[in-house]
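First the structure, in the form of structure tokens, and then the observations on it.
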Amino acid sequence: MSPPQPPRSAAAAPSFGQASAPPEAGRLLTAEQLATRWSVPKAHVYRLAREGRLPTVELGRYRRWRLDAIDAFEREGGAANA
């Protein structure tokens, strides 16, 4: 008979339906947070999304932006190359 194993911490095991990606990878930003990050008006963020140049996540009537998608957008040159 093997000795009893200590319980695993909740932080060590991903919960059902979640990938084991870093916590920042799936972080969602608001238009205000993104506007602050880029030092632009919120209207500019919404315009880029409306034009299809910036991918969004729609949560009911709200729009959010995935941090990993924003990082990729910035690496590719941002709005200048979209």
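Numbers for the structure displayed
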quantity: Residue that is farthest from the chain's Cα centre (by Cα) [pool: residues in segment 69-82 that are surrounded by 14 or more Cβ atoms within 10 Å (Cβ to Cβ) and either over 17 Å from Leu28 (Cα atoms) or among the acidic types (Asp, Glu) (or both)]; calculated: Ala79
quantity: Number of the condition not met by Ala35 [criteria: (1) surrounded by fewer than 17 Cβ atoms within 10 Å (Cβ to Cβ); (2) part of a helix (DSSP H, G or I)]; calculated: (1)
quantity: Residues of segment 47-61 classified as without any contact (Cβ under 8 Å) to a residue 24 or more places away in the chain, within 18 Å of Ala72 (Cα to Cα) and in contact with a strand residue (DSSP E or B) (Cβ under 9 Å, 6 or more places away or on another chain), total; calculated: 3
quantity: Scan of segment 39-48 for residues that are part of a loop (DSSP other than H, G, I, E, B) and surrounded by 14 or more Cβ atoms within 10 Å (Cβ to Cβ), ordered by number; calculated: Val40
quantity: Test: residue in segment 49-63 that is under 16 Å from the mean Cα position of the chain (by Cα), of a type in the set (D, E, K, R), at pLDDT below 95 and surrounded by 15 or more Cβ atoms within 10 Å (Cβ to Cβ); calculated: yes
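The values are calculated or read from the model by the stated rules, or taken from the named source; none is laboratory data. The structure displayed is predicted, hence computed values, not measured ones. Counting neighbours? That spans all protein chains shown, and the Cβs are built from the backbone with ideal geometry, glycine included.
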